[in-house]
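Reading through the structure tokens given below for one structure.
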Amino acid sequence: MDRKGRRKGRIERPPAQKRRSHRHCAPSSSSSLNSGGGGGTVVEAEAGREAIRRALRSLRRRHLVEEGAHRPAIEALARPFAAQAVEWKEKAEKHELELQQCYKAQSRLSEQLVAEIEEGKASIALLKEKETLITTLQNELERTSEENIQLKQSLEEKTCALDLLIQEHQTVKAELEQALTKQKVAEDENRNLIDRWMLEKMKDADRLNEANAMYEDMVLKLKSAGVGGIQHNALQEADGIIRRSETGYLDMETPIPSTCRITIRAHDGGCGSIIFQHNTDKLISGGQDQTVKIWSAHTGALNSTLQGCLGSVNDLAVTNDNKFVIAACSSNKLFVWEVNGGRPRHTLTGHTKNVLSVDASWVKSCVLASSSADHTIKIWDLQTGFCKSTIMSGSTANSLAFIDGDILCSGHRDGHLRLWDIRSGKCTSQTFAHLDVSSVCVSRSKNFILTSGKDNVHNLFDLKTMEVCGKFNAMGNRVVGSWGRPCISPDENSIAAGANDGCVYIWSRLKKDRVPTILQGHSSSVISSAWCGLGPLATADKNHIYIWT
């Protein structure tokens, strides 16, 4: 557009040149006019001014035309510059923000650099310390290596010496084993000889005592009674009314208890068994806390505690002279204590399973019997602490009791009641009693055996005939598993048994109606019962012992 306008301007210049030529020619005309006269000069001046006005109008029109021609280009050029100015302003503001952020980042980096420099200085100092420590450790390692070499040499020397000692020890050990074997054989022979000698002596002493007792008894009877009295005594012996004499035995009727006089919290975890000392009011209890305790049944006071038992106490026994207490435990062992002082006397080992029951001979105070879940009955010598003999019972004996010095009674899980001769180890008699015999108790006169079974029946056997002479049961009287221990009163006229319902049932042997007296007060199953020769009845549940009068 500009070039075309310029070309047009160049084209339009010739008229201007003509006007210029006219201008240049005007003076000549004017001069001619002047020369011609004053009227011609005024006309020329007017014509010149008119020509100038025309030229100015022409210039204005051309300027307007050129301006109109160039306006789109000017506007087109102006628009990009305005838009770019806004964009450049935004970019400038953005760049200013970025610059501020860069300044801030530079400040943070400067601080981090200072911190890194400080850490670097600290690391360099620590590194120097470590290098010093490494040097020290290397020196110590060298010294230790030298000492190790010396110790290694010493160890080799001592190893050689130890090998020699081991060889010598093995030789001496073999000689010792041979000597021990010979010693054991000799001890077994000596023990057998001593046992046989003691057994013969005891038999002789028993025979002599029995002969002396019979002789003295016959002399007394002959002196104190006539012919009629002797016949009356003979009839009483045949009926089993005359009982064996025993120191402190009260030949009087035992009253039926009705009131709980004393309650004892005996053992933590529960009481397992109770028993009275012979002819005293001392009550012995054993429980889950692995202790045996001796109480006064008159006051309920604890007299002594026997320690050292391993395992829960399942059953208790006391020798006929009240000198020793024996506990049968769940640890497969029996423990023996001296009553006076509470000193442990023996730990009897030999059973391989839980020891369920124990009893001491009424005649021979040094003889014990125990039964276990390993289907054995063992006879022990209390003086030496050794097992004298082992009886294979075939079925587990839950309970046992001595009848006299050599006859043992046992109740078994197969339901049979068996009598054993401990001298020969043979069963002399057996009878079916229950589906599962859980307990046996022999009366003081040795005329009756009380058995209990899981059929919830208590049978009283006549020992002479081994026949049932009384059955005792009641509604609600359920036997406490294999641990229930009933008892017979000292006058043998009453039977006491605990039950699962926490009650104690007492039957009279002489009454035909068999209606029991029921004692209530226990909070759980009554596990064991024992009747004192002096009158009180003791019963035990899991938590307490009750003394009834």
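The values are calculated or read from the model by the stated rules, or taken from the named source; none is laboratory data. Fair warning: this is a prediction, and the values are worked out from it, not measured in the lab. Cβ placement follows ideal geometry from the backbone for every residue including glycine, while neighbour counts extend to all protein chains displayed. With ligands, DNA and RNA removed, areas are computed over all heavy atoms of the protein, side chains included. Shrake-Rupley method; radii C 1.70, N 1.55, O 1.52, S 1.80 Å.
Summary table
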{"quantity": "Segment 385-540, accessible surface, carbon-and-sulfur percent (1.4 angstrom probe)", "calculated": "52"}
{"quantity": "For segment 488-549 versus segment 411-434, the gap between their alpha-carbon centres in whole angstrom", "calculated": "27"}
{"quantity": "Karplus 3J(HN,Hα) series, Hz, for segment 451-467 with 6.51 cos²θ - 1.76 cosθ + 1.60 (x for Gly, Pro)", "calculated": "10, 10, x, 6, 7, 6, 10, 10, 9, 10, 9, 7, 5, 6, 9, 6, 10"}
{"quantity": "Inter-label distance for Lys512 and Leu162, nm, one decimal - labels placed 7 Å from Cα along Cα-to-Cβ", "calculated": "8.9"}
{"quantity": "Solution diffusion estimate, µm²/s, Stokes-Einstein, segment 312-426, Kirkwood Rh from C-alpha pairs, 25 °C, viscosity 0.890 mPa s", "calculated": "179"}
{"quantity": "Arg418, Arg61, Arg71, reordered so the largest accessible area comes first (probe 1.4 Å)", "calculated": "Arg61, Arg71, Arg418"}
{"quantity": "Relative contact order, percent, segment 260-548 [alpha-carbon distance under 8 Å, six or more residues apart]", "calculated": "14"}
{"quantity": "Highest average packing first - 258-264, 115-121, Cβ atoms within 10 Å", "calculated": "258-264, 115-121"}
{"quantity": "Normalised contact order of segment 249-313, rounded percent, pairs of Cα under 8 Å and 6 or more residues apart", "calculated": "25"}
{"quantity": "Solvent-accessible area, 1.4 Å probe, carbon plus sulfur percent, for segment 54-209", "calculated": "60"}
{"quantity": "Surface per residue (accessible, 1.4 Å probe) for segment 54-209, Å²", "calculated": "90"}
{"quantity": "Accessible area in square angstrom per residue, segment 260-548, 1.4 angstrom probe", "calculated": "36"}
